[in-house]
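Engineer: Quick one: the structure is below, questions incoming.
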Amino acid sequence: MAADAGAETSHASELTREETDQQERSKERLFPVEPKRKGSYKAMLAGSFKEVEMEELLPADEDGFPSEVSNPEDDADDPYCPTILLSSSDKKRIYQRWKDTLIVKLLGKKVGYRFLYRTLMNQWRPKEEIAMADMGIDFYLFQFNNEYDFSRVLYDRPWIVADHVLVVRKSQPRFDPDEAVIDRVVV
């Protein structure tokens, strides 16, 4: 019986070693964990790509649209970077879709997406549906299907949500919420 007790003890210690080994292995990371990034979800998806660099390559014309076609030689060294050439007319056609779009931000308060959308739809009472997208860092994009609704929201100010001012501005190509600075508000 004493031998049986010793066998049970060694078996119990083997399980403990096995469990300990398993616990140690479960603590190991197969993939390195990156620290949390500050900024928007869009910026996180874009990684190290900076739109500011694109602005240097494609300066804007008088309408705020990029005017030059990018140079395919710039990315010739990178085999993983596809090159898509667009003419000025193609770019204007693409940006034209965003002509009746506003960027908004609620100053001093964070609210949920649905709350903001419902509140603004009740205040604005648009004739046609308005699409909304979260740009990150509490900036939202509103795309209008009706020019009257667009003008009324842009010029009939101020808009107040939960006792805070809503900043409204026309959208512009390559707007980056991380770089945006609100230095004045018309009230």
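Laboratory data are not the source of any read-out in this text; all were calculated from the coordinates shown. For clarity, every value in this text was computed on a predicted model and none was experimentally measured. Methodologically, a virtual Cβ is constructed for each residue, glycine included, from the backbone with ideal geometry; neighbour enumeration extends over all protein chains shown.
Engineer: Using the Cα gyration tensor of segment 130-187, with a ≥ b ≥ c the square roots of its eigenvalues, what is the shape: rounded (a/c below 1.5), prolate (a/b larger than b/c) or oblate (neither)?
Structural biologist: Values: a/c = 1.55, a/b = 1.11, b/c = 1.40.
Oblate shape, in that a/c is at least 1.5 and b/c is the bigger or equal ratio.
Engineer: How far is it, in nm, from the label point at Arg152 to the one at Ser88 when both lie 7 Å from their Cα along the line to the Cβ?
Structural biologist: It works out to 3.7 nm between the two label points.
Engineer: For segment 99-170, calculate the relative contact order in percent as a whole number, restricting contacts to Cα pairs under 8 Å that are 6 or more residues apart.
Structural biologist: Numbers: 99 pairs, mean separation 35.0, N = 72.
Relative contact order here is 49 percent.
Engineer: Now for a separate question. Could you check the simple spin-label distance between Arg97 and Tyr113, using points 7 Å along Cα→Cβ, in nm with one decimal?
Structural biologist: Roughly 1.9 nm, to one decimal.
Engineer: If you stretched the chain out fully between Ala131 and Val181, how much longer would it get, using 0.36 nm times the residue separation minus the C-alpha to C-alpha distance?
Structural biologist: Working: separation 50, 0.36 × 50 = 18.00 nm, distance 2.41 nm.
The Ala131-Val181 span can extend by a further 15.6 nm.
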